[in-house]
Amino acid sequence: MNPFAVVTRPIRDLVRAVTLPFTAVFVVGLTGAINAMTFRGTWWFGWVALGMGIAVALAWARAARTVLTVLLVAWVGHWILRRYGPELRAAFDEWVTRTRPNGAEVVDLWRAGEARLRGLGGQRGPGISPGDR
């Protein structure tokens, strides 16, 4: 299974909704021509047209689902922005700056951890050797 299917499936659905009708016209036209050249009293290409029509309808339904999902997400985002606006943005930015350490703090914590490990006699824990770094 493709791990990127969650991202590519909506795009694939939209592309198929546009291209499948043209494919269906070509296939039905080709089978209609073959049926006309080999006609023995039965027009069987109508079954091909029915199947392709169902496929096109399903492709359009999938594309509609994708478009409606995108519109719903955009509407919810717009509603949240309009409802909470700058206050929510300021609270989010404050939370990010409070919880995300800057680079110097990370280096200091790493050095403190190394100093603590040296104080323990270099014991690094199970499964971790100095060559793993």
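The values are calculated or read from the model by the stated rules, or taken from the named source; none is laboratory data. In this text, all values refer to a predicted model and were calculated from it rather than measured experimentally. Positions of Cβ are backbone-derived with ideal geometry, glycine not excepted, and every protein chain shown enters the neighbour counts.
The rows are residues; the columns are (1) among the aliphatic types (A, V, I, L, M); (2) free of Cβ contacts under 8 Å to residues at least 12 places away in the same chain.
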| site | (1), (2) |
| --- | --- |
| Val28 | yes, no |
| Arg40 | no, yes |
| Ala49 | yes, no |
| Arg65 | no, no |
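Tell me, yes or no, whether region 17-27 has at least one residue that is under 26 Å from the mean Cα position of the chain (by Cα), surrounded by 11 or more Cβ atoms within 10 Å (Cβ to Cβ), part of a helix (DSSP H, G or I) and of a type in the set (Phe, Trp, Tyr).
No: region 17-27 contains no residue that is under 26 Å from the mean Cα position of the chain (by Cα), surrounded by 11 or more Cβ atoms within 10 Å (Cβ to Cβ), part of a helix (DSSP H, G or I) and of a type in the set (Phe, Trp, Tyr).
This table checks each residue for (1) farther than 30 Å from Asn2 by Cα; (2) at pLDDT 95 or above.
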position	(1), (2)
Arg12	no, no
Thr23	no, yes
Val28	yes, yes
Ala33	yes, yes
Thr38	yes, no
Leu50	yes, yes
Leu71	no, yes
Val76	no, no
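Taking the condition of a type in the set (Ser, Thr, Tyr) and not in a helix (DSSP H, G or I), does Thr42 pass?
Here the answer is yes, as Thr42 does meet what is asked.
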